[in-house]
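None of the figures in this text is laboratory data; all of them are computed from the coordinates on show. Just so you know, these numbers come straight off a predicted model, no measurement behind them. A quick note on method: Cβ atoms are made from the backbone with ideal geometry, for glycine too, and the neighbour counts reach across all protein chains shown.
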């Protein structure tokens with residue numbers, strides 16, 4: 001049984017590395033090139049499936065060998081990439097269209113994990129473990145995104161093109177997860193907590209920049 005599990009883990013690890021590399025590469029390309037054209041959409045699909053496969057394989061790996069790092073990044077990657085893509089199909093929520101069951105499931109599940117991250121992070125900080133800060137940051141970001149989801153799903157957004165802003169925010173969020181994983185795994189210089197939070201600190205301003213640029217307020 002041990003050999004089978006280790007072989008499974010190795011296969012998942014290979015899949016995880018390949019899919020993560022695809023996500024990191026395609027995400028970088030789409031981040032720096034022209035947005036919205038056919039190439040952006042094609043590259044975006046590679047990024048989407050790369051991140052989804054990477055997230056699922058990472059979570060499955062934690063079932064064999066417990067790894068909070070892989071689990072957190074896996075959950076965050078799946079939620080961000082999946083909702084980022086789903087928002088492209090939710091353009092008409094302000095016109096009376098309804099969010100689908102998959103949308104509510106994704107957001108509700110992330111809410112539970114977000115609360116879990118915050119609670120566990122507080123417990124770690126109480127035990128003087130700095131990793132609790134990482135959990136709090138990812139937890140509060142997750143809860144904030146879910147709040148935005150629920151508001152959008154009910155058609156209460158004040159932003160006319162909320163779907164575009166959400167798509168941008170979620171895809172960059174998923175890319176942050178990919179770069180965080182790459183940095184944490186390969187880091188030999190930075191303190192652990194710095195490696196965990198550096199991509200968020202560097203890339204989050206892009207979310208605010210592009211959100212401000214493309215935002216259209218409903219009249």
Once fully extended, how much extra length lies between residue 190 and residue 144, figured as 0.36 nm per residue of separation less the alpha-carbon to alpha-carbon distance? 13.7 nm
Compactness ratio of the chain: Cα Rg over 2.2 N^0.38 Å, N = residue count? 1.03
Please give, to one decimal in nm, the separation of the simple spin-label points placed at residue 215 and residue 127, each 7 Å out from Cα toward the Cβ. 4.0 nm
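Please report 128, 174 as a ranked list, fewest other C-beta atoms within 10 angstrom at the top and most at the bottom. Provide the component values of the computation, followed by the final result.
Working: 128 7, 174 29.
With the sparsest Cβ surroundings first, the list reads 128, 174.
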Considering the zone a paramagnetic label at residue 17 would reach in this model (a point 7 Å from Cα along the Cα-to-Cβ line), which residues of region 55-79 have amide N under 18 Å from it? 55-62, 65, 70
